[in-house]
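Have a look at the structure below, then the notes.
No value in this document is a laboratory result; all are computed from the given coordinates. These numbers were taken from a predicted model, which means no experiment stands behind them. With ideal geometry, Cβ positions are generated from the backbone for all residues, glycine too; neighbour counts draw on all protein chains shown.
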Amino acid sequence: MMKSVINPNIFRHTAVASEGFNNLCTIVHPLRKEGEYTGEIFLKKQCMGSFQLVINEKSESTQADIDVSLFDPLNIRKNKGISPNQFEMSTDGYVVIYASGHHNGVHVRITGSGDQKDSEEFDTRKLGKDDLVVFRPFHPGKYKLLNRLAGQEASFAIEEKKDGGYINPAKLEPVTIPLTTKGFEIPENKILPFQAMVIKPDIDCSLVLEMEKPRGKKKKAS
């Protein structure tokens, strides 16, 4: 569904929350009802821009890629262009929301338009069944994965790079992690740098990924 591309901006972060995400996180949401929708992109409390999304059963596109970083006015001026404001996809498609830049604390709200104007269809701060959340951490260390809504928690480790360097991200199979009322079901094997962690919730959730302890760094003598 998503291309495996090394984004240099991901080196900035060791933590991310789905309620206000950064480039370590991609959120995937299905929209099945035909019609016109309006999306608004917020950086914390500031609105960076908006877009129109048309769901059309006859559309050949099955994915709408929303890169929130392209809506940053500074980015628009730097590239002497305008942000994309029109997207279309079929009724069996998915909205894929992510940040390619340095932005942190972003959320997206999608509402209906026309007869359904202002009716909320989706908010990245309110995730649940049928949504997918993809985390792609890089820095080696021990991490904690949380669902704030239910107080669920799990731990895992990201391995340090091998002598031969990092594995090509394009060759890494994603790790699928179901989230149920029983909690996260993380495989016993360790996660590799750049390896996608696909969280598949069966319940409402607000996810947090954070580093607990970095690896490869010795404490300085006091």
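Once label points are set 7 Å from the Cα along Cα→Cβ at both HIS102 and LYS58, what is their separation, rounded to one decimal in nm?
Placing both labels 7 Å along Cα→Cβ, they lie 4.6 nm apart.
Could you state the number of Å between the C-alpha centres of the range 56-70 and the range 168-193?
Taking the Cα centre of each part, the range 168-193 and the range 56-70 sit 26 Å apart.
Sequence-distant or interchain residues sharing an amide H contact under 5 Å with ILE177, placed H: which?
So ILE177 has HN proximity to VAL198, ILE199, LYS200.
Could you list, in their original order, any pairs among LYS44/LYS213; LYS44/LYS190; LYS171/LYS213; LYS144/LYS190; LYS142/LYS190 whose Cα atoms are separated by more than 21 Å?
Flagged as over cut-off: LYS44/LYS213; LYS44/LYS190; LYS171/LYS213.
Could you tell me what fraction of 2.2 N^0.38 Å the Cα radius of gyration of the range 132-213 comes to, as a two-decimal ratio?
Rounded to two decimals, the normalised Rg is 1.09.
For the range 20-123, compute Rg over Rh where Rg is the Cα radius of gyration and Rh is the Kirkwood radius from the inverse mean 1/r over Cα pairs.
We get a ratio of 0.96 for the range 20-123.
If you place +1 on the Cβ of every Lys and Arg and -1 on the Cβ of every Asp and Glu, how big does the dipole about the Cα centre of the range 20-123 come out, in debye to the nearest 20?
So the magnitude is around 580 debye.
Taking amide H positions as placed in the peptide plane 1.01 Å from N, state which residues far from GLU88 in sequence (5 or more) or on other chains have amide H under 5 Å from it.
VAL54
Could you run the Karplus curve 6.51 cos²θ - 1.76 cosθ + 1.60 with θ = phi - 60° over the range 175-188 and give me ³J(HN,Hα) per residue in whole Hz, x for Gly and Pro?
Values, residue by residue: 9, 8, 10, x, 10, 10, 5, 7, x, 7, 10, 8, x, 5 Hz.
Using 0.36 nm per residue, how much length does the chain from SER155 to GLU88 gain when fully extended, once their Cα-Cα distance is taken away?
20.3 nm
Non-local amide H neighbours of TYR94 (under 5 Å, H modeled in plane, Pro and chain starts lacking H): which ones?
GLN63, ALA64
Applying a 10 Å radius around every beta-carbon, put 29-36, 202-209, 135-142, 56-63 in order of their mean neighbour count, most first.
Highest mean packing first, the order is 135-142, 202-209, 29-36, 56-63.
Tabulate in residue order the Karplus-calculated ³J(HN,Hα) for the range 42-49, using 6.51 cos²θ - 1.76 cosθ + 1.60 with θ = phi - 60°, rounded to whole Hz; enter x for Gly and Pro.
Result, ordered by residue: 10, 9, 6, 9, 9, 7, 8, x Hz.
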